[in-house]
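**Student:** Shown below is the structure under consideration.
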Amino acid sequence: MMAQYLALKAEAGDCLLFYRMGDFFELFFDDARQAAQILDIALTSRGEHLGVPIPMCGVPVHSAEGYLARLIKGGCRVAIAEQVETPEEAKKRGGSKALVARDIVRFVTAGTLTEEALLEPRRANVLAAVCEVRGVVGIAAVDISTGRMELEECAADRLGAALARLGASETVTPEGWDGAPPEAIARPGRDFSSDGGEARLKAVHGVATLDGFGMFTRAMLAAAGGLVAYLEHVGRGQLPLLLPPVARAGDAHLAMDEATRASLEILVSSQGGRRGSLVEAIDRCVTGAGARQLADDLSAPLTDAAQIEARHELVEWLHGDPLLRADLRAVLRALPDVGRALGRVVAGRGSPRDLGQLRDGLSEARRIHDHLQGRKDRPALLDALLPRLTGHGALTDLYSRALVPSPPTERAQGGFIAEGYDHALDELRQISGDARRAIAMLEAKYRDQTGIAALKIRHNGVLGYFIEVPAKHADALMASDSGFAHRQTMAGAVRFNAVALHQEASRIAEAGGHALAAEEAHFEELTALAVKARHAIAATAEALARIDVAAGQAERAAEGGWTRPAITTDTVLEIEGGRHPVVEAALAAKGERFVANDCHLSQTDRLWLVGGPNMGGKSTFLRQNALIVLLAQAGGFIPAARATIGLVDRLFSRVGASDNLARGRSTFMVEMVETAAILAQAGEKSFVILDEVGRGTSTYDGLALAWAVVEAVHGVNRCRCLFATHYHELSRLAESCDALSLHHVRAREWQGDLVLLHELAEGPADRSYGLAVAKLAGVPAPVVARAKAVLERLEKGRAETGGLAAGLGDLPLFAAALEQREEAVDHLREKLGALDVDALSPREALDLLYELKREAGNLP
Ligand code: ADP
């Protein structure tokens with residue numbers, strides 16, 4: 001047995017091996033140690049290997065799913081080795097001692113789950129494959145629980161952002177690739193070839209060309225090849241549901257990098273969970289599929305005005321009709337997860353219950369269609385979605401006739417095919433039913449015949465049907481002519497068989513076996529039909545999800561008094577009465593009110609410097625405006641009284657160095673790396689929020705950097721920007737930067753206490769109220785008093801020397817400094833351009849080089 005185990009373990013590689021033995025999956029050696037620890041189950045031992053006991057632990061097959069879920073969560077991958085023949089077959093093949101043949105039937109990994117119990121209903125489960133082809137990175141991503149597949153490509157330095165958006169639970173890359181993200185699983189490089197990928201996709205979809213699905217680049221196809229090859233590997237040749245790939249164009253979506261996503265807490269909050277995240281504050285979907293679609297929308301907001309407005313229009317339509325919305329949501333709430341049921345069915349892991357879910361879901365989709373079809377003034381997006389809700393009439397009719405109302409999750413015991421669907425099956429059931437009745441009648445007959453009232457006919461898995469009498473009555477039946485044959489003596493009872501009973505029992509067994517076989521055959525046929533219609537069924541599931549998202553957005557808007565934003569391509573951002581959805585909800589839970597604030601950015605006033613005391617609401621204001629842009633472009637309503645959103649192509653959010661020590665770089669370094677990324681990437685259509693940049697270093701350094709960053713954002717990037725700072729000195733930038741204006745969050749000192757008004761006002765902040773905030777936070781009074789004394793000294797010093805920013809008034813303008821440099825460079829360029837190289841002697845060339853180098857060295 002160990003030889004067989006070790007061979008399978010070698011095949012399983014670094015996956016834990018679940019080795020099937022009877023009713024258990026057993027794990028051995030290091031696998032057992034690791035699993036016992038993660039699962040908190042007993043580690044035992046069995047036999048010996050090379051003279052030492054073999055560590056072992058096991059989990060029962062019937063509850064294996066729960067254990068698998070915990071192992072996968074714990075970061076493991078698992079190979080399942082099943083018995084692939086019965087003990088009888090093994091004996092026939094190799095004699096009485098023959099070992100039952102086993103084989104790995106499947107690998108269970110985080111990215112390739114389809115089981116309902118192992119998946120979170122409201123989260124997509126993404127598997128990604130990434131590789132590089134001639135300097136371009138290709139990414140293929142699929143959620144195999146629903147079959148959605150996307151291909152994209154990006155520059156190597158944008159890989160982090162792309163992966164952050166996907167949030168894959170498993171990533172595979174070619175082995176030996178330096179660009180591979182950490183934790184990626186290495187797969188053979190040959191799987192990632194673009195020709196191979198193209199061939200695999202064509203084979204999966206049975207097409208001669210992929211042109212009908214879109215245009216795919218070499219890098220995309222190579223990644224797709226790696227993805228499909230990996231799926232073949234983990235499914236041992238059985239492929240899961242894969243829908244035709246969709247190419248994701250880089251500029252079709254609002255670009256956000258990893259740091260921005262984390263800082264805006266879109267899908268996960270800074271605490272690491274869904275709690276406190278944006279999606280939690282927005283999500284009013286009533287189906288898991290809707291919630292997954294919403295998360296996808298928020299991760300990848302659109303940049304195309306027409307598409308965004310199509311979504312707004314549908315939300316508005318549902319917002320305007322609360323009754324329709326309530327009806328619709330009630331129907332949607334009862335829907336099964338059609339997409340995931342389909343995923344299991346196509347992956348060959350479907351159950352009768354999954355077929356029942358397809359039947360119910362698709363029939364309901366039809367009813368939703370009929371209901372909405374009758375409405376007037378339907379928005380265009382709905383008109384596009386409606387046809388996808390129908391077209392399954394033949395399938396649902398068949399399933400309704402074929403399946404019982406609530407089919408079981410197990411198919412081995414049968415009982416899921418409805419009566420009247422198959423006459424032969426009905427007859428078989430009739431026979432076993434008759435036989436069961438006959439057995440009940442036999443019991444009465446035997447009681448009569450023997451005079452033993454306590455006689456019973458019973459059934460168990462080992463003996464089948466048998467007659468049982470209490471031990472004290474057994475003698476009469478033991479007689480050789482009694483017509484009963486002894487089978488087993490128990491503590492208080494004795495068991496017998498009888499010819500008539502044996503005959504009836506055989507009838508039951510035979511008819512039952514045939515009935516099971518018949519049901520199994522029907523199951524295969526019914527499954528094949530769903531597999532054939534998989535694209536249409538998936539389209540229905542997606543349409544239902546899209547409708548749920550719109551209804552949920554409308555519901556959220558109605559709940560919070562949210563409005564539809566106007567969309568324009570001008571570089572403006574006009575938000576009146578804007579609010580932060582997460583902070584507002586948190587305050588509401590405490591019975592406090594959120595103060596709404598306006599934001600008006602335009603080409604001529606595109607950078608707002610926001611000052612004011614700590615805790616005054618600066619960060620909240622910055623983020624709420626970024627979130628409003630994100631929500632608007634994701635197609636939803638927004639928490640504001642009124643707004644015009646000029647479409648944003650890239651969104652950046654940066655928070656000054658804080659407690660983010662996780663990555664092992666100094667926080668200030670992180671801050672600067674991120675700031676550098678903004679200065680390199682933000683353009684005129686971008687929107688940037690910068691919160692306390694420069695906070696992570698000394699006062700002078702910090703102020704100097706903040707100053708230079710503001711100037712660069714204002715003069716070079718020219719994007720819309722909100723910049724929060726506690727450096728008063730920065731307000732002097734208003735003198736030199738014409739599209740910059742000063743704002744602050746208001747505060748008042750009242751009877752010695754600080755009152756934060758959380759209200760934005762124009763003009764610079766008057767002072768920082770740092771000591772008042774310290775007092776508010778509970779710093780002991782003597783410490784605050786001492787700080788006050790120190791402050792007075794410092795301020796006196798400042799008055800005498802002109803303060804921290806003394807001398808900044810004479811600084812040449814940032815743009816002017818840049819121009820100077822450009823001019824000098826141009827001068828060099830001219831000189832080089834005018835040069836006739838062929839006419840130069842080596843000596844002259846050398847002199848000239850010295851001269852040019854000297855000039856370049858003099859550049860400012
Ligand atoms: P800052 O960035 O100025 O230090 P924050 O934005 O972090 O301040 O806000 C501090 C706290 O003030 C928040 O946690 C919130 O409870 C409250 N707050 C912020 N903005 C508002 C607002 N507009 N209305 C009501 N309370 C607010």
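The values are calculated or read from the model by the stated rules, or taken from the named source; none is laboratory data. In this text, all values refer to a predicted model and were calculated from it rather than measured experimentally. Quick reminder, even Gly has a Cβ in these numbers, built from the backbone with ideal geometry, and neighbours come from all protein chains shown. In case anyone asks, the SASA skips ligands and DNA or RNA and just uses the protein heavy atoms, side chains included. Shrake-Rupley method; radii C 1.70, N 1.55, O 1.52, S 1.80 Å.
**Student:** Can you tell me which residue is nearest to the ligand (Cβ to nearest atom) among those in the stretch 704-714 that are over 38 Å from the mean Cα position of the chain (by Cα) and buried (at least 19 other Cβ atoms within 10 Å of the Cβ)?
**Tutor:** Trp707
**Student:** Now, a different point. Scanning the stretch 753-776 for residues that are in contact (Cβ under 8 Å) with a residue 60 or more places away in the chain and of a type in the set (Gly, Ala, Ser), which turns out nearest to Leu622 (Cα to Cα)?
**Tutor:** Of all residues in the stretch 753-776, those in contact (Cβ under 8 Å) with a residue 60 or more places away in the chain come to 754, 756-760, 764-765, 768-770, 772-773, 776.
Now narrow it down to the ones that are of a type in the set (Gly, Ala, Ser): 765, 768, 770, 772.
Working: Ala765: 16, Ser768: 18, Gly770: 20, Ala772: 23 Å.
Only one residue fits best here, namely Ala765.
**Student:** Across the stretch 563-577, which residue is nearest to Ala634 (Cα to Cα) among those that are in contact with a strand residue (DSSP E or B) (Cβ under 6 Å, 6 or more places away or on another chain) and within 16 Å of the ligand (Cβ to nearest atom)?
**Tutor:** Looking at the filtered set, the residue picked out is Ile575.
**Student:** Give the residue that is nearest to the ligand (Cβ to nearest atom), with candidates limited to residues of the stretch 618-642 that are open to solvent by 10 Å² or more (accessible area, probe 1.4 Å) and either of a type in the set (Gly, Ala, Ser) or in contact with a Phe, Trp or Tyr (Cβ under 8 Å, 6 or more places away or on another chain) (or both).
**Tutor:** Ranking the qualifying residues of the stretch 618-642, first place goes to Ser619.
**Student:** Then there's this: Go through the stretch 346-379 and report how many residues are within 24 Å of Gln413 (Cβ to Cβ), in a helix (DSSP H, G or I) and at pLDDT below 95.
**Tutor:** Of the residues in the stretch 346-379, the ones within 24 Å of Gln413 (Cβ to Cβ) are 346-360.
With the extra rule that they be in a helix (DSSP H, G or I), the set shrinks to 346, 352-360.
Those left that are additionally at pLDDT below 95: 346.
Qualifying residue count for the region: 1.
**Student:** Follow-up question, since we're still on this one. Looking at Pro352, is it surrounded by 19 or more Cβ atoms within 10 Å (Cβ to Cβ), out of contact with any Pro (no Cβ under 7 Å at 6 or more places or on another chain) and under 23 Å from Leu529 (Cα atoms)?
**Tutor:** When the stated conditions are applied, Pro352 does not pass them.
**Student:** Report, by residue number, each residue of the stretch 750-801 that is away from the ligand (no atom under 13 Å from the Cβ) and within 24 Å of Arg579 (Cβ to Cβ).
**Tutor:** Glu762, Gly763, listed by residue number.
**Student:** Could you please find all residues in the stretch 14-43 being without any contact (Cβ under 8 Å) to a residue 60 or more places away in the chain, more than 15 Å from Gln83 (Cα to Cα) and open to solvent by 30 Å² or more (accessible area, probe 1.4 Å)?
**Tutor:** If the condition is that a residue be without any contact (Cβ under 8 Å) to a residue 60 or more places away in the chain, more than 15 Å from Gln83 (Cα to Cα) and open to solvent by 30 Å² or more (accessible area, probe 1.4 Å), then Phe29, Asp30, Arg33, Gln34, Gln37, Ile38, Asp40, Ile41, Ala42, Leu43 are the ones that fit.
**Student:** Can you tell me how many residues within the stretch 297-343 are of a type in the set (Asp, Glu), within 28 Å of Leu241 (Cβ to Cβ) and in contact with a strand residue (DSSP E or B) (Cβ under 9 Å, 6 or more places away or on another chain)?
**Tutor:** Going through the stretch 297-343 one residue at a time, the tally reaches 0.
**Student:** Anything in the stretch 583-617 that is crowded, with 19+ Cβ neighbours inside 10 Å, assigned to a strand (DSSP E or B) and away from the ligand (no atom under 11 Å from the Cβ)? List them, or say none.
**Tutor:** Passing the criteria: Cys599, Leu601, Leu607, Trp608, Leu609.
**Student:** Does Val773 satisfy being part of a helix (DSSP H, G or I), open to solvent by less than 30 Å² (accessible area, probe 1.4 Å), farther than 22 Å from Asn625 by Cα and modelled with pLDDT under 90?
**Tutor:** Spelling it out, Val773 is indeed part of a helix (DSSP H, G or I), open to solvent by less than 30 Å² (accessible area, probe 1.4 Å), farther than 22 Å from Asn625 by Cα and modelled with pLDDT under 90.
**Student:** Would you tally the residues in the stretch 149-192 being open to solvent by 40 Å² or more (accessible area, probe 1.4 Å) and of a type in the set (A, V, I, L, M)?
**Tutor:** 3
**Student:** Look at Leu808 and say whether it is among the aliphatic types (A, V, I, L, M) and either within 16 Å of the ligand (Cβ to nearest atom) or at pLDDT 80 or above (or both).
**Tutor:** no
**Student:** I want to confirm something. Restricting to the stretch 409-451 and keeping residues that are among the acidic types (Asp, Glu) and at pLDDT below 90, which single residue is nearest to Glu116 (Cα to Cα)?
**Tutor:** Filtering the stretch 409-451 for residues that are among the acidic types (Asp, Glu) and at pLDDT below 90, the one nearest to Glu116 (Cα to Cα) comes out as Glu410.
**Student:** Taking the criterion of being farther than 25 Å from Arg261 by Cβ, open to solvent by less than 40 Å² (accessible area, probe 1.4 Å) and acidic (Asp, Glu), would at least one residue in the stretch 115-123 satisfy it?
**Tutor:** yes
**Student:** Looking at the stretch 221-335, what helices (runs of 4 or more DSSP H) fall wholly within it and have at least 2 residues that are open to solvent by 60 Å² or more (accessible area, probe 1.4 Å) and out of contact with any Phe, Trp or Tyr (no Cβ under 7 Å at 6 or more places or on another chain)?
**Tutor:** So the answer is 258-264, 305-319, 322-333.
**Student:** Going through the stretch 48-65 one residue at a time, which ones are under 26 Å from Glu170 (Cα atoms) and loosely packed, with under 12 Cβ neighbours inside 10 Å?
**Tutor:** Correct list: Ser63 only.
**Student:** Please find, within the stretch 650-698, the residue that is modelled with the lowest pLDDT out of those that are hydroxyl-bearing (Ser, Thr, Tyr) and away from the ligand (no atom under 16 Å from the Cβ).
**Tutor:** Ser666
**Student:** Under 8 Å by Cβ, and 6 or more places apart or on different chains, what pairs join a residue from the stretch 680-708 that is assigned to a loop (DSSP other than H, G, I, E, B) with one that is surrounded by fewer than 14 Cβ atoms within 10 Å (Cβ to Cβ)?
**Tutor:** Once the first residue is assigned to a loop (DSSP other than H, G, I, E, B) and sits in the stretch 680-708, its partners that are surrounded by fewer than 14 Cβ atoms within 10 Å (Cβ to Cβ) give Gly694/Asp701; Gly696/Ser666.
**Student:** Another question about this same structure. Which ranges mark the helices (runs of 4 or more DSSP H) fully within the stretch 1-112 that have 2 or more residues being within 35 Å of the chain's Cα centre (by Cα)?
**Tutor:** In the stretch 1-112, the matching helices (runs of 4 or more DSSP H) lie at 2-12, 29-39, 64-73.
**Student:** Of everything in the stretch 401-459 that's farther than 30 Å from Phe484 by Cβ and among the small types (Gly, Ala, Ser), which residue is surrounded by the fewest Cβ atoms within 10 Å (Cβ to Cβ)?
**Tutor:** Ala412
**Student:** Can you tell me which of Leu730, Leu722, Leu740 is closer than 26 Å to Ser269 by Cβ and surrounded by 22 or more Cβ atoms within 10 Å (Cβ to Cβ)?
**Tutor:** Leu722
**Student:** Can I ask one more? Among the residues that make up the stretch 198-212, is at least one of them within 20 Å of Thr173 (Cβ to Cβ), out of contact with any Ser or Thr (no Cβ under 6 Å at 6 or more places or on another chain) and crowded, with 20+ Cβ neighbours inside 10 Å?
**Tutor:** Yes, because at least one residue in the stretch 198-212 is within 20 Å of Thr173 (Cβ to Cβ), out of contact with any Ser or Thr (no Cβ under 6 Å at 6 or more places or on another chain) and crowded, with 20+ Cβ neighbours inside 10 Å.
**Student:** Here's something else I'd like to know. What are the pairs, 6+ residues apart or on separate chains, where a residue within the stretch 270-297 that is touching a residue at least 12 places away in the same chain (Cβ under 8 Å) has its Cβ under 6 Å from a residue that is polar (S, T, N, Q)?
**Tutor:** Close Cβ pairs satisfying both conditions: Gly276/Ser269; Ser277/Ser269.
**Student:** What residue, among those in the stretch 461-476 that are at pLDDT below 85 and surrounded by fewer than 12 Cβ atoms within 10 Å (Cβ to Cβ), is farthest from Ala440 (Cα to Cα)?
**Tutor:** That would be Val462.
**Student:** Also: In the stretch 675-710, how many are charged (D, E, K, R) and under 20 Å from Lys618 (Cα atoms)?
**Tutor:** 3
**Student:** Just give me the residues in the stretch 516-530 being under 30 Å from the mean Cα position of the chain (by Cα) and open to solvent by 40 Å² or more (accessible area, probe 1.4 Å), in sequence order.
**Tutor:** Those that are under 30 Å from the mean Cα position of the chain (by Cα) and open to solvent by 40 Å² or more (accessible area, probe 1.4 Å): Ala528, Leu529.
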